[in-house]
């Protein structure tokens, strides 16, 4: 979960010159918030290393979860 998600997505949305698509928003997030992206990837990596053998707790990859959050946000904007 991204803190201040709406504000960040709005900031990306305002900076886009092209049509706001999931891919454009994703690339914009990587460009504008590289530190947060790095933290997300580190958190995912730590979580994967801490799992015990045979016990799996599904956690989506950072790319997948960010794309899903962007998709949901874009749908809210269009409705």
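Summary of values
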quantity: Ranked list, fewest to most other Cβ atoms within 10 Å of each Cβ, for 79, 50; calculated: 79, 50
quantity: Between helix 22-32 and the chain: long-axis angle, C-alpha atoms, 0 to 90°, nearest 10; calculated: 80 degrees
quantity: Rounded to 10°, Cα long-axis angle of helix 62-78 versus longest principal axis of the chain; calculated: 30 degrees
quantity: Degrees, to the nearest 10: 5-15 long Cα axis against longest axis of the chain; calculated: 40 degrees
quantity: Stokes-Einstein D for the stretch 5-78, Kirkwood Rh over Cα pairs, 20 °C, 1.002 mPa s (µm²/s); calculated: 159 µm²/s
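Taken together, the values in this text are just the output of simple stated rules run on the coordinates, not laboratory data. Owing to the predicted nature of the structure, the values given are computational and were not obtained by experimental measurement. Virtual Cβ from ideal backbone geometry, glycine too; neighbours counted across all protein chains shown.
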